[in-house]
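Peer 1: Below you will find the structure I want to go over with you.
No value in this document is a laboratory result; all are computed from the given coordinates. Bear in mind that the values here come from a model prediction, so they are computed numbers and not experimental data. Note: ideal-geometry Cβ built from the backbone for every residue, glycine included; neighbour counts use all protein chains shown.
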Amino acid sequence: MTDYVDSYYARTRADDLRRPLLDGSVSAEIAVIGGGMAGLSVALGLAERGRRVIVLEARRVGWGASGRNGGFVSAGFALGPADLVRKVGKPRAQEMYRLTQDAVALVRRRAEAMGDATAPIVDGIAGCSWFDDRAAIQRRADWMNETFGERREVWERDRVRSIWRSPRYYDAMFNPSAFSFHSLNFTRGTAAAIEALGGTIHEDTPVRHIDLSGEPKRIHTDRGTVTADQVVVCCSGYIEGLVGPLSRAILPIGTYVVLTEPVGDRLKDVIGAPNGVSDDRFANDYYRPLPDTRLLWGGRISRWTDPQALSDTMMGDLRRVYPQLSDLKAEVAWPGTMGYAVHKMPQIGRLRPGVWYSQGYGGHGMATTTMGGELVATAIAEDDERWRMFRPFGLIPAGGRLGTWYAQAVYWSYQARDAWNLWRQGAGR
């Protein structure tokens, strides 16, 4: 049996309930494969609408990206909003973006209902700029507010540096609608909500084979079989070869987080607010202070999902932003695997009658997985066709191992572009 990877979230999870593995043959109206937020959101949406649902998870609920991330919740997609407008046009982009705004509000309502487990819920995420260009930040904020009804605020550098005392930062765009919380406890709380509504969840139950051609569908695990009228596949970066078209459309990409030792009383002299922070480089960092004065620091992506010297690499990034914390040590660091599509948008749809999928949430998962769950759940339970908005972002083959090398090369090019922009900024003075 697999346990959680050692992380801040695993160490502070609210409970350690272990769901039983599937042993024997069962039937269900709808079977969901994958116990991350993509699958659990579908299952909860279905259970709330009175459907009989079973979830099969290969390891533990939230074992993957859903329980290892930065804990940031915000509207939008991994694909930038301007690119979304160019792809589908302004009216459709606004409609799709509004779905993510609704999902942020839904995640918050659900998290608040879970009580202390997801606390503290900290409102507002700051996007601090490494570049001395306040006018560009103002233009972006104005465009987001006008186009998508956001409430972005531009904070001048004096205010930014009075809170986040880094020599790297200039101005910032503050998003008051975004928030941060305990993502693994939220994922586990979502599982508990499914069970409270009569749903069933089996952990330690990897799916080995699916017969999707018959009626009903038949799912084979190590020690059991599930027959179901409908199947929803939500494995994303962990799908491996389970369903060919879905597997071929996903790039499994590694990302990393480190938890520091407690900073102690001097934290207030370095970081003066509890908000989450990211920056505006192409290859950015994201982080937030925790109530016990530790820092949760994330960033980087690569084709390697378990790199060497992870703690040293991540702490090097932290010290680059906050050189006054050069003596700070890591307590634990962990990798995670995200599922990316080549178009950077979620893949939500129907593979064939009775077979649905929801995957590809890498880089923007806590809200968009909930959005995707609602779209698939309402499609199955209410014949809602809003999922069709995502048809332009289909199951484009991602190139397998070659695709992961391409993604790595793109990330390296982002780092090179950031370095060039920083050099040009310095040379211009």
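Peer 1: Compute the longest continuous run of the chain that contains no exposed GluC sites (Glu not before Pro); treat a site as exposed when its DSSP state is not H, G, I, E or B and it has at most 16 other Cβ atoms within 10 Å.
Peer 2: Numbers: sites that count: Glu156, Glu240, Glu385.
The reported range is 1-155.
Peer 1: What nm distance separates the two modelled labels at Glu240 and His209, each placed 7 Å from Cα along Cα→Cβ?
Peer 2: 1.5
Peer 1: Give the lysines reachable from Lys217 as a straight Cα distance under 29 Å; neighbours fewer than 8 places away on the same chain don't count.
Peer 2: Correct list for Lys217: empty, as no lysines qualify.
Peer 1: Taking Cα atoms of the range 28-68, Rg/Rh with Kirkwood Rh, to two decimals? Please report the intermediate quantities before stating the final value.
Peer 2: Values: Rg = 10.1 Å, Rh = 10.2 Å.
Here Rg/Rh amounts to 0.99.
Peer 1: When the scattering of the range 8-49 is computed by the Debye formula from its Cα atoms alone, each counted once and equally, what is log10 I(q)/I(0) at q = 0.20, 0.21 Å⁻¹?
Peer 2: Result of the Debye calculation: -0.89, -0.94.
Peer 1: Which of the lysines could a cross-linker span from Lys329 if the Cα-Cα distance has to be under 18 Å and same-chain partners fewer than 8 positions apart are dropped?
Peer 2: Of all the lysines, those that pass the test against Lys329 - Cα under 18 Å, at least 8 places apart if same chain - are Lys268.
Peer 1: Cβ neighbours within 10 Å, averaged per peptide: list 118-126, 252-260 in order, most packed at the top. Can you show the working numbers first?
Peer 2: Values: 118-126: 18.1, 252-260: 23.1.
In descending order of packing, they fall as 252-260, 118-126.
Peer 1: Spin-label point model (7 Å from Cα, Cβ direction): what's the Ala273 to Thr227 distance in nm?
Peer 2: 5.8
Peer 1: Under 20 Å from the Cα of Lys344, which lysines turn up, not counting those fewer than eight places away in the same chain?
Peer 2: Of all the lysines, those that pass the test against Lys344 - Cα under 20 Å, at least 8 places apart if same chain - are Lys87, Lys90.
Peer 1: Please arrange Leu22, Leu318 by counting, for each residue, the other beta carbons lying within 10 Å of its beta carbon, fewest first.
Peer 2: Working: Leu22 25, Leu318 20.
Taking fewest neighbouring Cβ atoms as first place, the list is Leu318, Leu22.
Peer 1: Determine the relative contact order of the range 1-96: mean sequence separation of Cα pairs under 8 Å and six or more apart, normalised by residue count, in whole percent. Kindly include the intermediate steps, with their values, before the conclusion.
Peer 2: Working: 73 pairs, mean separation 26.7, N = 96.
Once normalised by length, the contact order is 28 percent.
Peer 1: Relative contact order of the chain, please, whole-number percent, based on alpha carbon pairs below 8 angstrom and at least 6 residues apart.
Peer 2: 24
Peer 1: Separate question: Count the DSSP beta bridges whose two residues both fall in the chain, then state the antiparallel fraction as a percent rounded to the nearest 5. If you can, show how the numbers build up before the last one.
Peer 2: Working: 48 of 71 bridges.
Rounded to the nearest five, the antiparallel share is 70 percent.
Peer 1: Can I ask one more? Taking H as built 1.01 Å from N, whose amide H comes closer than 5 Å to the amide H of Glu331, not counting residues under 5 places away?
Peer 2: Excluding prolines and chain starts, which carry no amide H, the hits are Leu259, Thr260, Glu261.
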